[in-house]
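Contents: one structure, followed by commentary.
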Amino acid sequence: AFAVSVVPEGAEDETELPVLQKSENGGAISKISRELKEIVFVIQSQSNSFHSKRAEDLKRDILKQAADLGKELPTVLLIHQMDGHKGAWTILPLMRHFSVTYGRNSSWIFFCEEDTRIQVVKLLETLGRFDTSKEWFLGKALYDEESTIIHHYAFAENPTVFKFPDFAAGWALSIPLVNKLAKKLKSEPLKSDFTIDLKHEVALYIWQKGEGPHLTPVPEFCTDDVNSDKVDNCATTFSNFLPLCGEPVKKEDVFVAVKTCQKFHADRIPVVKQTWEREAALFEYYSDYADITIPTIDLGIPNTDRGHCGKTFAILERFLNHSSPRTPWLVIVDDDTLISIFRLRKLLSCYDPNEPVFLGERYGYGLGTGGYSYITGGGGMVFSRTAVQKLLASKCRCYSMDAPDDMVLGMCFSGLGVPITHSPLFHQARPMDYPKGYLSHQIPVSFHKHWNIDPVKVYFTWLAPNTEESLGGKKVGYNREDL
């Protein structure tokens, strides 16, 4: 089992810090301590109980390391507690707040995820190499090897030239750059309707078509596991290949609904049956045509060429009224979604089904001017029964049968005060659409689309069970081909 651990191994051992504090000159420690209060840590936290606890644990660990230095504590902020900022998770709407609140007495805003592990002294030594009077955008660099739909085919001639940060390793903005961004946002509000891949979009905004700074790669920002022998020089590490919080949920606790239609029965359904269907105990195929050979269920909702809101709400009604009330989880996937139910059961061990949980890959719509977040459907949408009950008890429904189901669900849950819970392990696109460095510290739960790939091969390369079992839950070591 790959157990969740929030405090880095050895962090409680106070003999570790004096070793880290040794430096070239005697004044280094007091200098580090003085600089410590000049950094603002921002944890990309979420309000779901599992995620908020992990973020709080990381905050405590940062403050403990700071306290062990015996000097003034830094500011540590949790994104989900910044309620005054709609779409706070998209970072850019916070720039004016950061500038006004911290622009005079701070040097850096350092962003990290709840699973980022930080050696505070090493981090400050690393940041100390940079002149804080200048505009800096620091991080571990990712890049596209080929242009991809999730980045709107940006830099199509040579996508490798544009670097963007791997948020898992942490990333930093100097205060002069924060002030510049805040000033620009005041005069020119964010225009983009959709937030699809935040790390790429933030880097594009900062770059300003070549007028702003490029990302400066920092080798001390790492995504190697905290126990790896490669991390001696790392200020940050990362330890979340696949969370597990006790026993995986039972097969019978997960109901899987597959959305399909007659025109895809012949080519897409066989892929599901060759790959992940065997992992699921409870599943049904929902179509516009009842085919007993599959079998599919006709919900009486005609197929539409655009969104499938009517079909999705019919599935939610059926789950609530016709499945066992003892089944706590519903997963809705497309017929061209590739998913590991085996890994999903591990992941769901970390969530409380008594909470209204709506889980998957998070996108945003109109978050610069209000808007809402939603779970993008292709990677799979996971609902607790409690969330389905709360949704259907409300008056929120499709504004048309062919409305985009995932966006309507996001709008409804936003209105109900139910948070969208993001997991980077769900993917709306294919493995080849993501940087290799980004996928290297994941054990993914899903991918989506069959375009120009062998989907069966993708499944058995990336998602099939026993790949991590055979390695005792450690990082996957098999060959992930270019697919």
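The values are calculated or read from the model by the stated rules, or taken from the named source; none is laboratory data. A quick note: this is a predicted structure, and the numbers were derived from the prediction, not measured. Positions of Cβ are generated from backbone atoms using ideal geometry, with glycine treated the same way; all protein chains shown enter the neighbour counts. The protein model used for the area step is the full one, side chains on, heavy atoms only, and it has no ligands, DNA or RNA in it. Shrake-Rupley method; radii C 1.70, N 1.55, O 1.52, S 1.80 Å.
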*Report, by residue number, each residue of region 253-267 that is open to solvent by 50 Å² or more (accessible area, probe 1.4 Å) and of a type outside the set (A, V, I, L, M, F, W, C).*
262, 263, 267
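Only residues that are buried (at least 20 other Cβ atoms within 10 Å of the Cβ) and not aromatic (Phe, Trp, Tyr): list them for region 311-333, please. It would help to see each step written out before you state the result.
Start the filter on region 311-333 by keeping residues that are buried (at least 20 other Cβ atoms within 10 Å of the Cβ), which leaves 311-313, 315-316, 319, 328-333.
Across region 311-333, the qualifying residues are 311, 312, 315, 316, 328, 330, 331, 332, 333.
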*Does residue 271 qualify as being open to solvent by less than 10 Å² (accessible area, probe 1.4 Å), at pLDDT 95 or above, on the phi < 0 side of the Ramachandran plot and among the β-branched types (Val, Ile, Thr)?*
no
*asked:* Checking the condition open to solvent by 10 Å² or more (accessible area, probe 1.4 Å) and modelled with pLDDT of 95 or more, which residue from 343, 362 passes?
replied: 362
*Check region 387-408 and report whether any residue there is open to solvent by less than 20 Å² (accessible area, probe 1.4 Å) and within 19 Å of the chain's Cα centre (by Cα).*
no
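Show me the strands (runs of 3 or more DSSP E) entirely contained within region 338-442 in which 2 or more residues are more than 30 Å from residue 185 (Cα to Cα) and not assigned by the TED database to the domain that holds residue 94.
Values: elements: 358-360, 362-365, 372-375, 381-384, 420-422.
Counting at least 2 such residues, we get 358-360, 381-384.
Among the residues of region 174-210, which ones are among the acidic types (Asp, Glu) and modelled with pLDDT of 95 or more?
Filtering region 174-210 for residues among the acidic types (Asp, Glu) gives 188, 193, 197, 201.
Result: 197, 201.
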*Show the residue pairs that are 6+ apart or on different chains and have beta-carbon atoms under 6 Å apart, the first residue being within region 149-160 and hydrophobic (A, V, I, L, M, F, W, C), the second being surrounded by 14 or more Cβ atoms within 10 Å (Cβ to Cβ) and in a helix (DSSP H, G or I).*
150/433
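How many residues does region 171-187 contain that are outside any strand (DSSP E or B) and touching an Asp or Glu at 6+ places or on another chain (Cβ under 8 Å)?
Of region 171-187, the ones outside any strand (DSSP E or B) are 175-187.
Narrowing further to those that are touching an Asp or Glu at 6+ places or on another chain (Cβ under 8 Å): 176-177, 180.
Residues meeting the conditions: 3.
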*With (1) open to solvent by 10 Å² or more (accessible area, probe 1.4 Å); (2) outside the structural domain of residue 344 (by the TED database); (3) at pLDDT 95 or above as the list, and residue 221 as the residue in question, which single condition is left unmet?*
(1)
